[in-house]
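To keep things clear, I will list the structure first and then write my remarks on it.
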Amino acid sequence: MAFEMWKEIIEYGRWAPSPHNIQAWKFRLVSESQAILLFDPDRLLPGTDPTGRFTAAGFGILLEMMSIAAAAHGLEVKVDYLGVSLDSKQPTHTPYANLTLVKRTQPEPFDRQLILDRRTSRLPYDDKPVSPEVLAELSEIAAAYGNELEFSVEPKQVEWVVKLNADTMFYDMADPVARNEVGGWIRFSKAEARRKADGLAAYAMLFSGALMWLFVRVNFLFRLPGIYQLVRLFYIRSMKGTRTVAWLSGPYEKPADWDKAGRMLARLWLCMTKHGVYLHPFGSVITNVTAHADMEKHFANPSRKHPLWLLVRLGHSELPPKAQRLTVEQLLVP
């Protein structure tokens, strides 16, 4: 079998974002309408995401984008999860869900070209807040998935968020577990990023590869007085022009919550892409215990029903570099 339809859909899906660009998914094609989604245990994050909740949300983004891609053929991707956890101790690629192409029942508002156009921008922004109309549209999408999107354009709030994210970078790099795990996914040169086609490319993060190598491998230098302040200032300045920050809260305790959150995030991201808005997620603020506690305290809201699970900055920038991705052929297993 040629499986051309699946290969076309996966070609779109492979551009889905994932934590640290780990791309922990694989596919086994069974028939023209059926496939098996697997996870690669070697591409999980047991140190910083031990429950797999953020990686699972990444799978939700992937599946939602694949279903949006299938809409061009009047189809959608039906997902039947197999009830297995994302376990890094598994010896090999492990089935995670059964996928079936079925006739679409609802019209799809997003053009699948947006999946290819979507990018994460860590560049400086243009000093303009995101329009109230776009923020209202994003809030409606979040509400449709049982989440609440809160945001601020108040300069002091924006400054606080940017500085918290900078501090979190140092928190993580001072922690051997986080430093080794995240450091293992950093691609210090363009050649390495192209060769491995995954991970956090230094060229896309506005840091020189040499500086990032030192930050990971000789981290004690960056805790020295003077050097710490200089690097922190440089990192904060890389986010200049930010005028809008936002945070999401919603159910985030069970696998079904993580899948739903990922599907919502896929649609939020594509909605922003449609309006020329870029997103920069501050994922480490959520996974780092100290930073998360600071965030919860700062944004305390007695009327909020659920915990915060994502913090981002959003706005407009120049076209950011495109991250590398594994090819369709690399994602397929016999």
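The values are calculated or read from the model by the stated rules, or taken from the named source; none is laboratory data. Note that the structure is predicted; figures quoted are calculated from it, not measured. Because the Cβ atoms are built from the backbone with ideal geometry, glycine has one as well, and the counts that use them run over all protein chains shown.
Things to note:
- So G315, is it more than 12 Å from the chain's Cα centre (by Cα) and within 20 Å of W160 (Cα to Cα): yes
- Given (1) at pLDDT below 95; (2) more than 16 Å from the chain's Cα centre (by Cα), number of the condition T242 does not satisfy: (1)
- Every condition in (1) closer than 27 Å to L200 by Cβ; (2) surrounded by fewer than 22 Cβ atoms within 10 Å (Cβ to Cβ) is met by E76 except one, and the failing one is (1).
- Which listed residue is of a type outside the set (G, A, S), out of contact with any Ser or Thr (no Cβ under 6 Å at 6 or more places or on another chain) and in the same structural domain as A202 (by TED's automatic domain parsing), from E329, E296: E296
- Contact annotation: residue pairs with Cβ atoms under 6 Å, 6 or more positions apart or on different chains, pairing a residue in the range 15-38 that is buried (at least 17 other Cβ atoms within 10 Å of the Cβ) with a partner that is among the small types (G, A, S) and at pLDDT 95 or above, are S18/G58; P19/G58; N21/G199; F27/A35; L29/A35; L37/A97.
- A166 part of a helix (DSSP H, G or I) and surrounded by fewer than 17 Cβ atoms within 10 Å (Cβ to Cβ): no
- Qualifying residue in the range 12-23 (condition: in a loop (DSSP other than H, G, I, E, B), aromatic (F, W, Y) and either modelled with pLDDT under 95 or outside the structural domain of A197 (by TED's automatic domain parsing) (or both)): yes
- Yes/no for L149 being crowded, with 17+ Cβ neighbours inside 10 Å, assigned by TED's automatic domain parsing to the domain that holds T48 and not charged (D, E, K, R): no
- Check on L310, assigned by TED's automatic domain parsing to the domain that holds K254, of a type in the set (A, V, I, L, M) and surrounded by 12 or more Cβ atoms within 10 Å (Cβ to Cβ): yes
- Pairing residues of the range 45-56 that are farther than 17 Å from V285 by Cβ and touching a residue at least 24 places away in the same chain (Cβ under 8 Å) with residues that are among the aromatic types (F, W, Y) and outside any loop (DSSP other than H, G, I, E, B), at Cβ distances under 6 Å and at least 6 apart in sequence or on separate chains, gives A56/W258.
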